[in-house]
Amino acid sequence: MLNDTITAPATAMTGSGIGIIRVSGERAIEITSNLFPDLIKMKSHTIRYGFLFDGKKIIDEVMISLMKAPRSYTREDVVEINCHGGVRVMNQILSCLVKNGARLAEPGEFTKRAFLNGRIDLSQASAVMDIISSKNDFALKCSVNQLKGNVSDAIKEIRAEILFQIAYIEAALDDPENYSLDEYDKILYEKIEIISEKLNKLIKSADEGKVLKEGINTVIVGKPNVGKSSLLNILLGEERAIVTDIAGTTRDILSESVLINGIMLNIIDTAGIRDTEDIIESIGVERTLKYINEAELIFYLIDSSVKLDVNDYRIVDLIKDRRVIVLYNKTDIEAQISNDELMDIVDKINPHVDNLVDGVIKISTKNSTGIGDIGEIIRKMFVKGAIDNDDEVYITNERHKETLINALESIKQVMKSIKDGMPEDFLTIDMMSGYEWLGRIIGEMVDDDLVDEIFSRFCVGK
């Protein structure tokens, strides 16, 4: 299939002003020149204006770009047709290209060819799709850094160190007169320990990277009429949820995404939790319980103007020992809850944060006060370093994380074998296993089926 010349729209097939159709392969120039004869005269990396023909019939007025191999995205000859973006005209152009010998590309096939032709490795190829689907600035910056090779460089550096140690052991076993293994187990243990620390750091970055890339699944819980919908509206900056003084207004689940201090929150505003005979409201409460169990972060709103009751303690039992931010709302009016009662609630929840004043953020959704403190607390809960640190390597791909864990297990086995006094040639088995696991991240040790599965997730034309 690599010998085929492929074509696909690189822009969406909509009624837009401009559309781009990409052609790549050995016959890209030959096939496209049947529609645009001047292409034969063009130099690489130039663009030319003219008309596209189907025989003697003009199809469209276009600009044609030419990038000859190997200086192209796929390292093949690539032609890009910049045409009008109408669905009908783009389909006509694609039809003519297929008629002249091209075939329609499969999803991700251009990027797959870039990988197979050695222009990018597998981690960089994955970053291409991540750039397209980025939801926030961090995700975009992280994906761009991965495309530039920061994950590849980190993996290659570790693999190079492992390979050097394997090579030294094998050389010493083959040529003991020139290479000594005396006391080498101590030297090797120190080297492997450093590798283990590097792998651990990359693995730990995965959870943080996932949070910053995909967002934190957040649930707002509390009794009815404590201000949950008002909080959601303030965070969103718009009236998304219905707000009334009638308890139980929110019957269904509202889901929105909002960026706070550079971190995406995937927020769910739930029905208030209370004992109720209302069938519809009780269904909403059941759904709330489901989302609590799936949440990575919980906003627990307490209404300071209403005394605590059995429903509050029911909520506490549901959310204790979770990542919880307690929001003490309606502080603009006289409180009906004592400080001791409030602290008793906080102690029972045991939130995973030790830098809050009394473990509570005091807010007023009516006056929008205290809301700004929420973002800083979330950062301290979920992010250890600076979000905008360009030098930091983040693992944001779940496959990469799992592969790193497997590589680390192999490396830990090497350390155990050294402690157990195993012979050097035995150590190289697990070292090679770790080396090969790491190769899966950059695509050097990967099955064809996995490659096909990864690129099948791409959009057509990329």
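The values are calculated or read from the model by the stated rules, or taken from the named source; none is laboratory data. This structure is a prediction, so every number in the text was calculated from the model and none was measured. Note: ideal-geometry Cβ built from the backbone for every residue, glycine included; neighbour counts use all protein chains shown.
Of note:
- Residue within the range 181-190 that is part of a helix (DSSP H, G or I), closer than 18 Å to residue 424 by Cα, of a type outside the set (Phe, Trp, Tyr) and in contact (Cβ under 8 Å) with a residue 12 or more places away in the chain present: yes
- Counting only helices (runs of 4 or more DSSP H) that sit completely within the range 376-462, those holding 3 or more residues that are free of Cβ contacts under 8 Å to residues at least 60 places away in the same chain and either more than 30 Å from residue 7 (Cα to Cα) or among the basic types (Lys, Arg) (or both) correspond to 398-419, 424-442.
- Residue in the range 90-134 that is nearest to residue 76 (Cα to Cα), counting only those that are assigned to a loop (DSSP other than H, G, I, E, B), out of contact with any Cys (no Cβ under 8 Å at 6 or more places or on another chain) and among the small types (Gly, Ala, Ser): 118
- Flag for residue 405 being under 30 Å from residue 133 (Cα atoms), in the same structural domain as residue 232 (by TED's automatic domain parsing) and modelled with pLDDT of 85 or more: no
- Applying the set (1) in contact with a Gly (Cβ under 8 Å, 6 or more places away or on another chain); (2) among the hydroxyl-bearing types (Ser, Thr, Tyr); (3) outside any loop (DSSP other than H, G, I, E, B) to residue 331 leaves exactly one unmet item: (3).
- Listed conditions (1) under 30 Å from residue 225 (Cβ atoms); (2) surrounded by fewer than 17 Cβ atoms within 10 Å (Cβ to Cβ) are all met by residue 363, apart from (2).
- Qualifying residue in the range 88-104 (condition: at pLDDT below 90 and either over 21 Å from the mean Cα position of the chain (by Cα) or under 24 Å from residue 434 (Cα atoms) (or both)): no
- Within the range 21-59, the residues that satisfy the criterion of being under 20 Å from residue 90 (Cβ atoms) and surrounded by fewer than 18 Cβ atoms within 10 Å (Cβ to Cβ) are 34, 47, 48, 49, 50, 51, 53, 54, 55, 57, 58.
- Of the strands (runs of 3 or more DSSP E) that lie entirely inside the range 9-83, those containing 1 or more residues that are of a type in the set (D, E, K, R) and over 28 Å from residue 120 (Cα atoms) span 46-54, 57-67.
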